[in-house]
Amino acid sequence: MLPDSNLEQVWVYLSASPLFGLTMTLIAYGIAYRVYVWSKANPLLNPVVTAVILLIALLVLTDTPYQDYFEGGQFVHFLLGPATVALAIPLYRQLGKLKMLWLPVLVALLVGVTVGGVSAVGIAWLLGADTPILLSLAPKSVTAPVAMGIAERIGGIPSLTAVLVVMTGVIGAVLGTKLFDVLRIRDCSARGIAMGVAAHGIGTARAFQVSTEMGAFAGLAMALSALLASVILPWLLGWMR
Amino acid sequence: MSPNFLNGITLLLVYQLVGEVSTRLLNWPVPGPVLGMLLLFITLLLSDGLESVVEPASSALLSHLSLLFVPAGVGVMVHVGRIGSAWLPISMALIFGTLITMAVTAWVMVGMQRLLGRRSTHAA
């Protein structure tokens, strides 16, 4: 039998080392992804949501603060930067389509990015949210690393923005295809662009499950709207104040 | 780890680094990784062989993009108080803001294609 003090020492080691947070992130995602595949890609069982719920349950049960978990989680989180750079590849592959549809895509993206920011801030403002929340909400439809950068620049709370971005992505992924069916929008390029603008990477992941064409357009929209949003949103919010 | 994977991830990090440093030096509002993406895109347009170098690392990162959002998502536990005190404006902004954005963007995309399609048939 292990004496209690040894067990305690093991726990002291684990809570101070990034190993615990990193390993648990990968295991939780592995379980969440299997559940998702097993459910035949039910959008309600989005792997991000399942993994987050599993990890929060674990942290609460073991009384681990988020900061300690993030010591390990940051290694995964860090990869959002190179992943953003990597979006140049799908963008490059869609060059042919982009050349053909550049004007509709550009107009749709400009409108989408503006409506995305204004609708979120407007609705929350009407319902009485305070300024830090409004500023953190503004970039909610933009892919996480860029959204956090925008939040930082406009005076929001970057970590709150990250959470709101994930929630937005899940909402878009869950409701998107239903919405398009109700509105009778069948065009793959329109569905993809709308999904990428409104629900960034999580929406893009969902779009790829529907069809590769929709996914490609969603990826394109996510990458280009990140670029447009980082210019438009700070300017728009400066003007709104 | 294949040499291509290593070259690819190195290249992605170099572009991110160049992006981060330039946006800070020039005081641009664009986040570093986004400028890095744009610079990589321009480089891809100019050189033929580059795509195969970055491809393995890029598809590894992008195929599990959802995983990368998990640590940030767990951060919801830190903001439970703030989100809880403003749950109504936040949830309404998230749900209706996202639905409105998707609907308007899709309509503009369909409308623009129709508009341009008609124009080109008139021209023909």
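We did not get these values from a lab; they are worked out from the coordinates using the rules stated. Model, not experiment: these values are computed from the prediction. Note that we place each Cβ from the backbone using ideal geometry, even for glycine, and neighbour counts take in every protein chain shown.
Quick notes on this structure:
- Phi-based couplings in Hz for segment A:93-106 (Karplus 6.51, -1.76, 1.60; Gly and Pro marked x): 5, 8, 3, x, 5, 4, 5, 6, 10, 4, 5, x, 5, 4
- As a proxy for reagent exposure, ranking A:HIS200, B:HIS64 by other Cβ atoms within 10 Å from fewest up yields B:HIS64, A:HIS200.
- Screening chain B for whole DSSP H helices with an alpha carbon extent of at least 30 angstrom along the helix axis and a mean Kyte-Doolittle hydropathy of at least 0.5 yields B:3-26, B:87-123.
- Reach of A:LYS40 by Cα under 20 Å, taken over lysines that are not fewer than 8 positions away in the same chain: A:LYS178
- In terms of packing, defined here as the mean over residues of other Cβ atoms within 10 angstrom, the peptides A:218-230, A:144-156, A:44-56 line up highest first as A:218-230, A:144-156, A:44-56.
- Distant alpha-carbon pairs in segment B:1-68 (separation over 20 angstrom), percent: 32
- Fraction in percent of alpha-carbon pairs per bin - 10 Å, segment A:73-159: 16, 34, 32, 16, 1
- Radius of gyration and maximum dimension Dmax of chain A, Cα, Å: 19.7, 71
- Rounded FRET efficiency, nearest 0.05, which uses the C-beta distance separating A:LEU95 from A:ASP181 and R0 of 22 Å: 0.15
- Relative contact order for chain A, counting Cα pairs under 8 Å that sit 6 or more residues apart, in percent: 17
- Residue by residue along A:61-71, Cβ atoms of other protein chains within 10 Å of the local Cβ number 2 on average.
- Counting, for every residue in A:168-175, the Cβ atoms of other protein chains within 10 Å of its Cβ and taking the mean gives 5.
- Across segment A:23-30, coupling constants 3J(HN,Hα) worked out from phi with the 6.51/-1.76/1.60 Karplus curve, θ = phi - 60°, read 5, 5, 4, 5, 5, 4, 5, x Hz, and Gly and Pro carry x.
- Whole-angstrom gap from segment A:36-51 to segment A:120-190, using each part's C-alpha centre: 21
- Estimated vicinal HN-Hα couplings, Hz - segment A:31-37 in sequence order (Karplus 6.51, -1.76, 1.60; Gly, Pro = x): 5, 4, 5, 5, 4, 5, 5
- Working from Cα pairs under 8 Å separated by at least six residues, relative contact order for chain B is 22 percent.
- Packing rank of A:126-132, A:66-72, where each peptide gets the mean count of other beta carbons within 10 Å, highest leading: A:66-72, A:126-132
- Rounded FRET efficiency, nearest 0.05, which uses the C-beta distance separating B:SER22 from A:LEU44 and R0 of 45 Å: 0.60
- Inter-chain Cβ neighbour count for B:80-93, averaged per residue, equals 6 (cutoff 10 Å, partner chain atoms only).
- For segment A:144-241, size of Cβ-based charge dipole, Lys and Arg +1, Asp and Glu -1, in debye: 160
- Computed E for B:LEU115/B:ILE95 - FRET, C-beta separation, R0 25 angstrom, nearest 0.05: 0.25
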